[in-house]
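Read through the structure below, which is laid out as structure tokens, and then see the notes.
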Amino acid sequence: MASDETILSVEGLHVRFHTLDGIVDAVKGINMHVKAGETVAVVGESGSGKSQTMMAAMRLLASNGEATGTVAYRGANLLTLTKAELNEVRGRKITMIFQEPMTSLDPLYTIGNQLMEPIMRHRNVGAEEARREAIKMLKLVRIPEPERRMKSYPYEMSGGHRQRVMIAMAIANDPDLFLADEPSTALDVTIQAEILNLMADLRKRLGMSMIFITHDLNIVKRIADRVYVMRLGEHPYTKALLAAEPTGHKDPVPKTTPTMLAGTDMRVTFKVGGGLLAGEPIYLKAVDRVSVTLKRGQTIGIVGESGSGKSTLARALLKLLPSEGSIHFDGRHIEKLDPQAMRPLRKQLQIVFQDPFGSLSPRLTAGQIVTEGLLVHEPSISSRERDRRAAQAFTEVGLDPANRNRYPHEFSGGQRQRIAIARAIILKPKVVVLDEPTSALDRQVQKQIVELLRDLQKAHNLSYLFISHDLAVVRAMADHIMVMKDGRMVEQGSPEQIFDHPHEDYTKRLMAAAFVDHAEASA
């Protein structure tokens with residue numbers, strides 16, 4: 001239950017970035033407050049300033065950013081505290097989790113070490129007590145086998161489990177205020193529902209306040225006590241955000257259409273553990289005898305829960321990781337080609353990753369990132385021609401070409417994903433793997449991206465493998481759908497068959513988790 005006590009008050013907050021193109025106003029005079037024990041949602045489209053508002057409050061802006069105004073935590077202005085004073089609050093009294101847990105967790109350290117560090121720092125306790133508390137936190141966020149998971153590295157966990165670890169780190173020191181920046185955006189529908197329920201339960205159990213940043217109004221209805229709506233760095237606008245939803249459908253390609261990419265009896269096995277002191281290794285079948293045929297101009301949607309093997313299958317088909325089975329691309333066998341032999345084909349086989357921030361170099365401008373492939377595959381073209389094609393690609397994905405001299409951190413999550421799409425399409429490939437390409441985007445921008453991908457497909461006769469947990473987007477994009485679970489394909493068919501008349505129990509549960517959850521959110 002929320003009380004009348006205000007623990008965070010934001011007044012006249014402005015956030016500006018100094019860029020090569022001049023000053024960019026990201027947040028323009030925001031006012032908001034949070035009471036003890038309540039959940040406040042901050043919603044808006046990509047680029048509206050939601051995340052930058054919270055980053056400014058936590059003093060985590062990039063070096064070229066500045067914040068003015070007041071962000072008062074229990075009366076103390078966070079913007080004017082010394083570093084020592086700020087560190088007494090940040091990470092202990094106020095904690096934050098981000099949209100992309102993989103980039104927030106250090107790949108070189110175990111989950112246990114990363115959980116224990118803030119406990120020892122803020123509580124001034126020894127390693128053994130910190131270890132007990134870390135295990136307790138993993139149990140609290142419902143991580144199975146917490147003692148064993150203490151020894152795991154981030155890459156050994158699914159996206160849903162990594163996000164649970166981030167939540168465990170955030171609540172380990174019993175915070176007053178918990179900031180969550182799109183914490184469920186990149187998760188499939190069943191895991192998303194679990195994370196939302198977990199956060200609501202933790203808020204009640206621990207008595208903390210929560211600020212939930214999102215572009216998904218269905219989530220807001222489910223979790224928030226009050227809502228602030230942002231657009232272009234300001235309050236408010238709402239109606240357009242409420243109405244947006246990807247629509248339409250893709251017509252199937254003719255049966256006589258030639259095959260562009262095919263995998264037969266695909267298998268991918270990962271070795272987990274083992275070694276001199278680690279005992280016998282465990283072999284995980286990430287993809288277990290799956291076959292797929294992608295025709296020219298076709299879009300195959302691949303759906304399933306986290307850990308089902310969707311992304312692993314796609315990477316195996318592009319020969320980005322070792323696999324067994326037969327792979328055909330554009331009429332030739334490629335499964336036995338070495339990296340050097342594959343290099344000329346890479347231009348034709350592109351991928352857009354789920355995590356746009358992690359896949360974009362922070363040291364390159366957006367324009368340089370988009371033209372990276374041209375330097376490799378078309379080295380003879382002039383720098384002027386590269387820049388012209390970069391500007392054209394920016395326009396195609398709905399970004400202002402004038403912003404191509406900015407760096408990735410100066411863009412929102414949705415804008416970074418558009419940059420990643422531009423980097424792929426500038427090479428005019430034949431096959432594009434789209435791995436959760438709309439997961440970071442609000443519904444309005446999702447509609448635009450879906451329409452953009454359709455237009456690009458028609459213009460260049462592209463073939464797409466479209467991986468997503470967002471079933472509304474899959475239905476709008478795909479003309480054929482594969483459902484995966486535990487590395488196997490359990491069902492496939494047309495969108496009408498999979499969505500309206502699923503045969504397998506797992507497919508029925510997946511559809512129910514997506515659409516019943518939305519119905520509950522609207523209730």
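The values are calculated or read from the model by the stated rules, or taken from the named source; none is laboratory data. Given the structure is predicted, the values throughout are model-derived calculations rather than measurements. When we count neighbours, we look across all protein chains shown, and the Cβ atoms used for this are built from the backbone with ideal geometry, even at glycine. Note: accessible area is taken over every heavy atom of the protein model, side chains too, but ligands, DNA and RNA are not part of it. Shrake-Rupley method; radii C 1.70, N 1.55, O 1.52, S 1.80 Å.
Can you name the residue in the range 85-107 that is part of a helix (DSSP H, G or I) and at pLDDT 90 or above and, of all such residues, is surrounded by the most Cβ atoms within 10 Å (Cβ to Cβ)? Spell out how you get there, then give the answer.
First, pick out the residues of the range 85-107 that are part of a helix (DSSP H, G or I): 85-89, 101-104.
Within this subset, residues satisfying the condition of being at pLDDT 90 or above are 85-86, 89.
Working: 85: 12, 86: 18, 89: 20.
Filtering the range 85-107 for residues that are part of a helix (DSSP H, G or I) and at pLDDT 90 or above, the one surrounded by the most Cβ atoms within 10 Å (Cβ to Cβ) comes out as 89.
For the range 135-148, indicate whether the set of residues that are touching a residue at least 12 places away in the same chain (Cβ under 8 Å), closer than 23 Å to residue 88 by Cβ and open to solvent by less than 10 Å² (accessible area, probe 1.4 Å) is non-empty.
Among the residues of the range 135-148, not one is touching a residue at least 12 places away in the same chain (Cβ under 8 Å), closer than 23 Å to residue 88 by Cβ and open to solvent by less than 10 Å² (accessible area, probe 1.4 Å), which makes the answer no.
Take residue 461 and decide whether it is at pLDDT 90 or above, open to solvent by 10 Å² or more (accessible area, probe 1.4 Å) and touching a Lys or Arg at 6+ places or on another chain (Cβ under 7 Å).
Values: at pLDDT 90 or above: yes; open to solvent by 10 Å² or more (accessible area, probe 1.4 Å): yes; touching a Lys or Arg at 6+ places or on another chain (Cβ under 7 Å): yes.
Spelling it out, residue 461 is indeed at pLDDT 90 or above, open to solvent by 10 Å² or more (accessible area, probe 1.4 Å) and touching a Lys or Arg at 6+ places or on another chain (Cβ under 7 Å).
Applying the selection to the range 162-180, what residues are open to solvent by 10 Å² or more (accessible area, probe 1.4 Å) and either in a loop (DSSP other than H, G, I, E, B) or over 17 Å from residue 436 (Cβ atoms) (or both)? Break it down into steps so the answer makes sense when it comes.
Going residue by residue through the range 162-180, those that are open to solvent by 10 Å² or more (accessible area, probe 1.4 Å) are 162, 164, 166, 169, 173-174, 176.
164, 166, 169, 173, 174, 176, listed by residue number.
Can you report the number of residues in the range 65-117 which are more than 29 Å from residue 25 (Cβ to Cβ) and acidic (Asp, Glu)?
Going through the range 65-117 one residue at a time, the tally reaches 3.
Identify the residue in the range 1-30 that is farther than 14 Å from residue 73 by Cα and free of Cβ contacts under 8 Å to residues at least 40 places away in the same chain and, among all such residues, is surrounded by the most Cβ atoms within 10 Å (Cβ to Cβ).
3
Step by step: first the residues of the range 328-368, then only those that are in contact with a Lys or Arg (Cβ under 7 Å, 6 or more places away or on another chain) and not in a loop (DSSP other than H, G, I, E, B), then the one that is surrounded by the fewest Cβ atoms within 10 Å (Cβ to Cβ). Which residue is that?
Only one residue fits best here, namely 342.
Taking the condition of a type outside the set (D, E, K, R) and modelled with pLDDT under 95, does residue 313 pass?
No; evaluated as a whole, the condition is false for this residue.
Here is a list: 70, 82, 19, 53. Which entry is in contact with a strand residue (DSSP E or B) (Cβ under 7 Å, 6 or more places away or on another chain), over 26 Å from residue 443 (Cα atoms) and not aliphatic (A, V, I, L, M)?
On the way: 82 fails: in contact with a strand residue (DSSP E or B) (Cβ under 7 Å, 6 or more places away or on another chain); 19 fails: in contact with a strand residue (DSSP E or B) (Cβ under 7 Å, 6 or more places away or on another chain); 53 fails: over 26 Å from residue 443 (Cα atoms).
Among 70, 82, 19, 53, only 70 is in contact with a strand residue (DSSP E or B) (Cβ under 7 Å, 6 or more places away or on another chain), over 26 Å from residue 443 (Cα atoms) and not aliphatic (A, V, I, L, M).
Residue by residue through the range 24-50, note down the ones that are of a type outside the set (Gly, Ala, Ser) and over 24 Å from residue 176 (Cα atoms).
24, 25, 27, 28, 45
Would you check which residues across the range 403-446 are among the β-branched types (Val, Ile, Thr) and either more than 26 Å from residue 376 (Cα to Cα) or outside any helix (DSSP H, G or I) (or both) and list them? Let's see the steps before the verdict.
Within the range 403-446, the subset among the β-branched types (Val, Ile, Thr) is 419, 421, 425-426, 431-433, 438, 445.
Hits for the range 403-446 are 426, 431, 432, 433, 438, 445.
What is the number of the single condition among (1) surrounded by fewer than 17 Cβ atoms within 10 Å (Cβ to Cβ); (2) hydrophobic (A, V, I, L, M, F, W, C); (3) in contact with an Asp or Glu (Cβ under 6 Å, 6 or more places away or on another chain) that residue 402 does not meet?
(3)
Could you grab me the full set of residues in the range 281-310 that are outside any strand (DSSP E or B), surrounded by 21 or more Cβ atoms within 10 Å (Cβ to Cβ) and within 21 Å of the chain's Cα centre (by Cα)?
The answer is 304, 305, 307, 308, 309, 310.
Within the range 380-392, does at least one residue satisfy the condition of being in contact (Cβ under 8 Å) with a residue 40 or more places away in the chain, out of contact with any strand residue (DSSP E or B) (no Cβ under 6 Å at 6 or more places or on another chain) and not polar (S, T, N, Q)?
Keep residues of the range 380-392 that are in contact (Cβ under 8 Å) with a residue 40 or more places away in the chain, which gives none.
Checked the range 380-392: no residue is in contact (Cβ under 8 Å) with a residue 40 or more places away in the chain, out of contact with any strand residue (DSSP E or B) (no Cβ under 6 Å at 6 or more places or on another chain) and not polar (S, T, N, Q).
Take residue 56 and decide whether it is out of contact with any Phe, Trp or Tyr (no Cβ under 6 Å at 6 or more places or on another chain), within 27 Å of residue 115 (Cα to Cα) and assigned to a loop (DSSP other than H, G, I, E, B).
Details: out of contact with any Phe, Trp or Tyr (no Cβ under 6 Å at 6 or more places or on another chain): yes; within 27 Å of residue 115 (Cα to Cα): yes; assigned to a loop (DSSP other than H, G, I, E, B): no.
When the stated conditions are applied, residue 56 does not pass them.
So which residues in the range 369-390 are buried (at least 16 other Cβ atoms within 10 Å of the Cβ) and either aliphatic (A, V, I, L, M) or within 18 Å of residue 17 (Cβ to Cβ) (or both)?
369, 370, 374, 390
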